[in-house]
Amino acid sequence: MRAKLYVTLIAVLAAAVLWEVPASAQQISKRLILKDGSYQSVTKWEVHGDRVRYYSAERDDWEEIPNSFVDWDATNKYEKDLASGDAAKTFQLHKELTEEKQADETQSPTVAPGLRLEDPHAAYLLDTFKDQPQLVQMQSNGGTVERNVKKTILHGDASGPPNGISLKGAHAEVQAHSPSASLYVNSEGGPQDDSSSASGQPGLPWDRFRIVSMDVREDKRIISKIKTPAFGKSSEQQNIVKTTNEQLTGGWIKITPVDPLPPGEYALVELLGDEGINLYVWDFGMNAQAQVNKNVVQAQPATPVSAEPPALQKR
């Protein structure tokens, strides 16, 4: 009798395990893989036009994201490998996805919820437009040396009229709406240049980037001569904006004005020590009334839809 009761208890426990484990495993292993390399742990999802509605296994709630955010090839491959019962293949895929996600986060730091830095050869402006954070990519702009045929503004050149770098147009294409907007640049990438560049060369400090105010003259903007090397002393010059610089992962640097920027035209420049400053700069303006910038990246946070629980599925 005791042996029979023991067998019955084992059978009941086994049935409970068969009921609970698959449901739990389903919540852990079912994934909605996104194009940025991350994924959402989900129990199920539904596609409604350009939106994907899914039940989060982590937050126990329904949420939504744009359909364009989902890497359906990777998601379907993961589902196929999981359904085939090939545990080794599934675990290997999980390991690769985790490693890729960690490496991507290290090289591309997140600067605001849903906003990450990507191109190391570009600078980024973290702006706020209509109370929404936006990340604006800034391409380097090649300037012309005023009254000088040299590529850089040399240190100690005090003879003759002041030299400077001029950019075409009275206004930059990129305009900041927030006077406290931060800039991000990669100290290892530097601005792209058609000729050789000293960016990232040994001996140059990471803190070699400065924000300078520009003089607007009809159809051009001019960066007045900057005394170089100016590491640690350039803040004394009137056209240098006082900033706080912070090192991030992946070689990225965050540059934030100490005081709110007055309306006007500015440029982010790279100091090259005795060689002067890089002729290629990142220009932008400060105008709270400007139209929205082109090609901005705006965070798309997941939006809870309802608290409807998912239906458990037996196996």
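The values are calculated or read from the model by the stated rules, or taken from the named source; none is laboratory data. Everything numeric in this text was worked out from a predicted model, so none of it was measured. When we count neighbours, we look across all protein chains shown, and the Cβ atoms used for this are built from the backbone with ideal geometry, even at glycine. For accessibility, only protein heavy atoms count, side chains too; no ligands or nucleic acids. Shrake-Rupley method; radii C 1.70, N 1.55, O 1.52, S 1.80 Å.
Points to keep in mind about this one:
- Considering (1) open to solvent by less than 70 Å² (accessible area, probe 1.4 Å); (2) of a type outside the set (K, R); (3) modelled with pLDDT under 85; (4) out of contact with any Asp or Glu (no Cβ under 9 Å at 6 or more places or on another chain), the lone condition that T144 does not fulfil carries the number (1).
- Per-region count, segment 261-306, residues modelled with pLDDT under 90, of a type in the set (V, I, T) and within 20 Å of the chain's Cα centre (by Cα): 2
- Leading residue by the ranking (modelled with the lowest pLDDT) among those in segment 38-52 that are surrounded by fewer than 18 Cβ atoms within 10 Å (Cβ to Cβ) and within 25 Å of the chain's Cα centre (by Cα): S38
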